[in-house]
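In what follows, a structure is listed as structure tokens, so that the remarks can point back to it.
The values are calculated or read from the model by the stated rules, or taken from the named source; none is laboratory data. What you see is a predicted model; the values in this text were computed from it and never measured. Every residue, glycine among them, receives a Cβ derived from its backbone with ideal geometry; neighbour counts consider all protein chains shown. For the accessible areas, the whole protein counts, side chains as well, though only heavy atoms, and no ligand, DNA or RNA atoms are used. Shrake-Rupley method; radii C 1.70, N 1.55, O 1.52, S 1.80 Å.
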Amino acid sequence: MNQGPGGVRCAYIASRYPYVSHTFVLREVRALRARGVEVHTATVRRADPQDVPSPGDQEEVRTTHALLPVVRWRLLSTHMRAAARSPRGYVGTLLDALRHGPRGSRARLWQLFYFGEAILLWDWMRSLQLRHVHAHHANVASDLAMLAAAFGSRASSEPWTWSFTLHGPAELLDVDGHKLGLKATRADSVVCVSDFARAQLMALTPPSTWSKLEVVHCGVDPEEFPPVRRARRRGDRFEVLTVARLEDRKGHDVLLDAVLELERRGIELRLTLAGDGPARDRLRLRVAESGLGEVVELIGPVGHEHVARLHAQADAFCLPSFAEGVPVVLMEAMASGLPVIATRITGVPELVEDGVSGLLVAPGRPSALADAIERVIVEPSLAPALGAAARARVLDGFDIRASAEQLHGLFVRLAGTGSLARTR
């Protein structure tokens, strides 16, 4: 990164940015900018228009640099420029890409693609005089950041550095494919969104690397999510809200089973599913075939500026996932003062204390989920108590302004390496 009279400067890269499922990255970027950090954003590929539904995000789309698609002559000229700048560095970085990739001809081909895109990232950063790049997720974005920083250091008399944020669960489900051990060892710093994620990296790396594994929570701005309390009228059904991508690991089928169980118990409620994804058509069909058409509504994707409005119409929030990092949608609901019901997995217990700031159940257990929802419905004092404690928990440990302050401190420390020194 660069630091000088104007403050810290750095690049941020994600596989797709901005993106409806990754609003936490945009929120983090904006919070850093509010602290005076000059953040330039890049994306490997632009998200499809339907995946950026918030009008307020369109300006971020316009100002974010997309590496792909790239015309052939630009790709060739960029690589010729890089090879001329440092022939040995160019070859060395290419060998790095090939050496550290998975075995097999197809995997080697992908490593060549990563190398090609990393040189594009290096050239863009060089044009802005940036020497630090932070990647969100240990996916292709961190592959490119690692290679771009390696070549930048080889082609310059000044050091380039890189860091990445480990979220999970995708990276932790494919440790070898994402090269987690290698990336954690080679990165100048690793931001882990939970102690759980940090512990998983500690198991993959030698103790000498542990000092650079830092826990920085994703967060929300509590002012965006003021406390809500729906005024229920006699005869109103209890309103349960879920905001999540429609994919199998989010556990929507378990929630539908729980709703059917509650119907059998005579507990009336309504369920709103917000989000989109590959399971959309299957879930719509299941709702229709199970006779839940009058009870369950799938409303499709929503922009983050509309989520607070959904909270205001709900009595409780439910996230029955099988795999998560620390879900930002839970933080948002908790900031709004909604009682939350979630699964006891990975980093979720670091956010939700069972029986205090929410209810936690075993994953994949419809009856346990139904029991928890029923508790919130039939115990009048439980929902407001859980909701108040939930908001207090977010204010105390998951405020994006505090997270940005931590990241700013991390970047300032990295500035001591010289990679953040302002060069213009």
Check your understanding: Within the range 266-294, how many residues are exposed (fewer than 11 other Cβ atoms within 10 Å of the Cβ) and hydrophobic (A, V, I, L, M, F, W, C)?
Key -> 1
Review point. In the range 341-408, which helices (runs of 4 or more DSSP H) lie fully inside it and hold 2 or more residues that are in contact with a Gly (Cβ under 8 Å, 6 or more places away or on another chain)?
Key: 382-397
Point to revise | Residues of the range 118-143 satisfying the condition of being of a type in the set (D, E, K, R) and in contact with a Phe, Trp or Tyr (Cβ under 9 Å, 6 or more places away or on another chain) | key: Arg131, Asp143
Point to revise | From the options Glu117, Glu158, residue that is open to solvent by less than 30 Å² (accessible area, probe 1.4 Å), outside any strand (DSSP E or B) and not hydroxyl-bearing (Ser, Thr, Tyr) | key: Glu117
Check your understanding: If you go through the range 213-224 one residue at a time, do you hit one that is under 27 Å from Leu98 (Cα atoms) and among the hydrophobic types (A, V, I, L, M, F, W, C)?
Key -> yes
**Study point:** Identity of the residue in the range 214-225, surrounded by 20 or more Cβ atoms within 10 Å (Cβ to Cβ) and not in a loop (DSSP other than H, G, I, E, B), that ends up modelled with the lowest pLDDT
**Key:** Pro222
Practice item. For the range 99-110, state whether one or more residues are assigned to a helix (DSSP H, G or I), open to solvent by less than 80 Å² (accessible area, probe 1.4 Å) and not aromatic (Phe, Trp, Tyr). Key: yes
Review point. For the range 253-312, how many residues meet the condition of being of a type in the set (D, E, K, R) and farther than 23 Å from Met331 by Cα?
Key: 13
Point to revise | Selected residue [buried (at least 19 other Cβ atoms within 10 Å of the Cβ) and in a helix (DSSP H, G or I)] from Val254, Val240 | key: Val254
Review point. How many residues, within the range 313-331, are over 25 Å from Phe196 (Cβ atoms) and either modelled with pLDDT under 95 or among the basic types (Lys, Arg) (or both)?
Key: 1
Review point. Of the residues that make up the range 389-411, is at least one of a type in the set (A, V, I, L, M, F, W, C), without any contact (Cβ under 8 Å) to a residue 60 or more places away in the chain and open to solvent by less than 50 Å² (accessible area, probe 1.4 Å)?
Key: yes
Review point. Quick one: His178 ticks every box in (1) under 30 Å from Phe322 (Cβ atoms); (2) over 17 Å from the mean Cα position of the chain (by Cα); (3) part of a loop (DSSP other than H, G, I, E, B) bar one, so which box is it?
Key: (2)
Review point. Quick one: is Val228 in contact with a Gly (Cβ under 8 Å, 6 or more places away or on another chain) and outside any helix (DSSP H, G or I)?
Key: yes
Revision key, fill the gap. Taking the range 45-96 and keeping residues surrounded by 11 or more Cβ atoms within 10 Å (Cβ to Cβ), in contact with a helix residue (DSSP H, G or I) (Cβ under 8 Å, 6 or more places away or on another chain) and basic (Lys, Arg) leaves Arg46, Arg81
Practice item. Could you check how many residues of the range 167-177 are open to solvent by less than 40 Å² (accessible area, probe 1.4 Å) and in contact (Cβ under 8 Å) with a residue 40 or more places away in the chain? Key: 4
Exercise for review: May I ask you to verify whether Ala141 is outside any helix (DSSP H, G or I), in contact (Cβ under 8 Å) with a residue 60 or more places away in the chain, small (Gly, Ala, Ser) and surrounded by 14 or more Cβ atoms within 10 Å (Cβ to Cβ)?
Suggested key: no
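Rundown of residues vs (1) modelled with pLDDT of 95 or more; (2) among the acidic types (Asp, Glu); (3) over 25 Å from Ala415 (Cβ atoms); (4) buried (at least 19 other Cβ atoms within 10 Å of the Cβ), yes/no style:
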site: Lys179; (1), (2), (3), (4): no, no, yes, yes
site: Asp188; (1), (2), (3), (4): yes, yes, no, yes
site: Ser194; (1), (2), (3), (4): yes, no, yes, yes
site: Met202; (1), (2), (3), (4): yes, no, yes, no
site: Pro206; (1), (2), (3), (4): yes, no, yes, no
Review point. How many residues are out of contact with any Ser or Thr (no Cβ under 6 Å at 6 or more places or on another chain), in a helix (DSSP H, G or I) and farther than 16 Å from Arg245 by Cα when one looks only at the range 262-310?
Key: 10
